[in-house]
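Data first, discussion second: the structure below is written as C-alpha cells.
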C-alpha cells in the first residue's frame, strides 16, 4: 500500500514539474508595459491650454511697465509646460494600468 502511495506521489510531483516548466519559460518572454487610455492625452492638452492662459495673465501682471509683451509671452510658455506636466501626471494616476505583453 505504501509503495503505491509513494509511486502516486512521485508521479504527481513529476507531472507538476513538467507542467510548471512551460510557465516559467513563458514568464521570461513577457514584458510589463504601462497602458493608458486616450483620456490622458486629451487632459494633458487641456492642461497645456489652461496653463498657457493662466501663465500669460500672471506674466502680464508681474512684468514691469515696458515689458508687458515679453512678460505675457514668457509667462504663457512657462505656464503651458507646467500645466501640461501637472495634467498629465494627474490623468495617469486615474487612467493607466500595467499589462503583461509578449515580446
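The numbers here are math on the coordinates, done by the rules we state, and not lab data. All of these numbers come straight from a predicted model, not from anything done at the bench.
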**Report entry** Sequence-separation-based contact order of the range 30-102, relative, with Cα cut under 8 Å and 6+ spacing, percent
**Finding:** 50
Query raised in the report: Extension gain residue 33-residue 53, at 0.36 nm per residue separation less the Cα-Cα distance, in nm?
Result: 3.8 nm
Report summary line: Here the gain from full extension of residue 85 to residue 102, 0.36 nm per residue of separation minus their alpha-carbon distance, amounts to 3.1 nm
Report task. Please label the shape of the range 30-102 as rounded, prolate or oblate, based on the square roots a ≥ b ≥ c of the eigenvalues of the alpha-carbon gyration tensor (a/c under 1.5 means rounded; beyond that, a/b larger than b/c means prolate, else oblate). Result -> prolate
